[in-house]
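Student: Dropping a structure here in C-alpha cells format, bear with me for questions.
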Amino acid sequence: MVNEEKNEMVVTPWEVKGKVDYERLIKEFGTQPLTDELLEKLTKYTGELHPQLRRKLFFSHRDLDTVLNLYDKGLKFVLYTGRGPSGPVHIGHLVPWIFTKHLQEKFKTRLYFQMTDDEKFVVEDELKLEETTKYAYENALDLIALGFEPEDTFIIFDVQDIHLLYDIALEVAKRITYSTAKATFGFQDSTNIGWIFWPAIQAVPCFIHAKLTGENVPALIPAAIDQDPYWRVTRDVAQKLGYYKPAQIHCRFLPGLGIGGKMSASEPETSIFTTDSPESVKRKIWNAFTGGKGTATEQRKTGAEPNICTIFQYYYYLFEESDKKLTEKERRCRNGEILCGECKMDLAERVNRFLAEHQKKREKARKIVEKFHIKH
Ligand code: TYM
C-alpha cells in the first residue's frame, strides 16, 4: 500500500487516487517489470503481441517467467481473474478481461472467474447482499459478452458457491496472521471482521483447480495492479499448502474522464458503463478533461497536449488498434490540426458502436449464464 501522506498516490484494492506512478508501484509492491525479453518468450506461444502488450498496458508481473518455463516442460496453467460486483461494469474493467480472453484462446486454458458479492457486501457500507448478488449476475453477462469459451470458463458466485471455497479458505486463513493482514491491507480497529477474513476467500480460486480435477498446476492472474496485495499474502501460504505460488500479470488503470485517477464506478460522470445509453456516453465524453487550449484559435496556433488528455488515453487503451493511425492522431493534435470537439465526437461514436454490439451480446448472454457457472 502506498501512503497517502508521502505522496498523493493511493493504490489499494479498494481505492486508487492521484497520479499513479507505475515504476514506483513496481518497487514498492516488489513486482517485476514486464521486459521485452519476457514478451518475446510469450510471443513464442501467442504468435503475435497483443495490442495491450505492445502498448505496455500490462507492465509488471510476478512469476510469469516461471509459469512459461513450466509450460515449456509440459505443465499447463489455469487463468484466474474476477470482479467485485458493486454496480455496473465500466469499460476499465474490460481491459484485463479482454487480455484474459486472448490468453485463454492462445493457451487453451481454463479460466476461473470469481464474482465477489460477499466482498462487496462486507466492504461497502451502503450495499445490501441482495444487491451485490444481483450485480454479480448482471456483471457475469458482461464477461460472457466478451466471448469466453463456455467449456473452459468457470464463474464462481461466492455466496452461492461458498461450499466449494470454504475448506481452502480456512486453510489459507489459518496461515495468515492478523499482523500480516493489517500491514498488507491497512485494516483498522474499526474494520468489520467479515472484511478481515475476506482475503482468504479471494485466495481460493488460485488453488481450486487441484481440488476439482486432481491436477496441481499454477494459476496465472491477469488484473490491474490494485489487486496485488491479495496475491502477496496468497503467495506466502501457497507452498505451505502444497500448491504453486500464483503468478500475476498486472495492467495499468484506464483513467476516468476527469483529471487524474482511474475510472471508478464511484464517480459515474467520469466513467463509461457498459450499460450506458448513447446519450450519456456522448455527454460524459463531451465533458471530459482534454489537453486542449482555452480557445480554438490558440489551439490551432500552439497545438494541444495528448499526453495529459483523457480522450487520447481511450484511443490508446481500447479504441484505436492501429499504431500508425494513433501516431498520426497524436501528431495532428500536437500541431493544432484537430480540435478537441472533433476527437470527442469521433470517440463517442466509436464507444457507442462498441457498446451497441456489446449490449446485444450481453442480452443474449442471459440465456447461457448457467453454462458458465462452476459445476458442482
Ligand atoms: P474490481 O471489481 O474492483 O475490478 C475488476 C477488475 O478490473 C480491474 N480494474 C481496472 N482495470 C483497468 N482500468 C481500471 N480503471 C480498472 N478498475 C478496475 C481490477 O484490477 C480487476 O482486475 N476484489 C476484486 C474481485 C476479484 C478479482 C479476483 C480481481 C476477485 N478475485 C482475481 C482480479 C483477479 C475486485 O473487487 O475487482
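Student: Applying a 10 Å radius around every beta-carbon, put 304-315, 185-196, 41-52 in order of their mean neighbour count, most first.
Tutor: Taking the mean over residues of other Cβ atoms within 10 Å, the ranking is 304-315, 41-52, 185-196.
Student: Gaussian network model of the chain, Cα springs within a sub-10 Å range: biggest mean-square fluctuation belongs to which of 238, 365, 210?
Tutor: 210
Student: In the chain, with Lys and Arg counted as +1 and Asp and Glu as -1 at Cβ, which of these residues, 268, 317, 137, has the Cα nearest the positive end of the dipole, that is, farthest along it?
Tutor: Sorting the options by dipole projection puts first 317.
Student: I would also like to ask the following. So, R0 is 22 Å and r is the distance between the beta-carbons of residue 269 and residue 345; what FRET efficiency does that work out to, to 0.05?
Tutor: 0.75
Student: Sum up the charges of everything whose Cβ sits under 9 Å from the Cβ of residue 320, counting Lys and Arg as +1 and Asp and Glu as -1, but leave residue 320 out.
Tutor: On the way: positive: 325, 329, 350; negative: 321, 323.
Its environment carries a net charge of +1.
Student: Please work out how much length the chain gains when fully extended from residue 367 to residue 43, using 0.36 nm per residue of separation minus the C-alpha to C-alpha distance, in nm with one decimal. Could you put the intermediate results ahead of the total?
Tutor: On the way: separation 324, 0.36 × 324 = 116.64 nm, distance 3.56 nm.
That works out to 113.1 nm of additional length.
Student: Among 170, 347, 111, which one shows the biggest mean-square fluctuation in a GNM of the chain, springs joining Cα atoms closer than 10 Å?
Tutor: Looking only at 170, 347, 111, the largest GNM fluctuation is found for 170.
Student: Calculate the spin-label point distance for residue 28 paired with residue 163, positioning each point 7 Å from the Cα along the beta-carbon direction, and give it in nanometres.
Tutor: 4.3
Student: Once you put a point 7 Å from the Cα of residue 75 and another 7 Å from the Cα of residue 325, both along the Cβ direction, what distance in nm separates them?
Tutor: For the pair residue 75/residue 325, the computed spacing is 4.3 nm.
Student: Assuming R0 = 51 Å, can you tell me the calculated FRET efficiency for the pair residue 182 and residue 146, based on Cβ-Cβ distance, to the nearest 0.05?
Tutor: 0.90
Student: Once both labels are modelled 7 Å past Cα along the beta-carbon direction, what's the residue 35-residue 130 spacing in nm?
Tutor: Roughly 5.5 nm, to one decimal.
Student: Is there a quick way to get the dipole size of the chain? I mean about its Cα centre, with the Cβ of Lys and Arg at +1 and of Asp and Glu at -1; what is the value in debye to the nearest 20?
Tutor: 880
Student: Still on this model: What FRET efficiency do you get for residue 215 and residue 302 if R0 is 56 Å and r is their Cβ-Cβ distance, rounded to the nearest 0.05?
Tutor: The value I calculate is 0.40.
Student: Given the Cα-Cα distance of residue 192 and residue 15 and 0.36 nm per residue of separation, how much length would full extension add, in nm?
Tutor: Additional length available on full extension: 62.0 nm.
Read-outs: derived from the displayed coordinates by stated rules, not from any lab. Keep in mind that this is a model prediction, so the values were computed, not measured. FYI the Cβ positions are ideal-geometry reconstructions off the backbone, even for glycines, and counts take in every protein chain you see.
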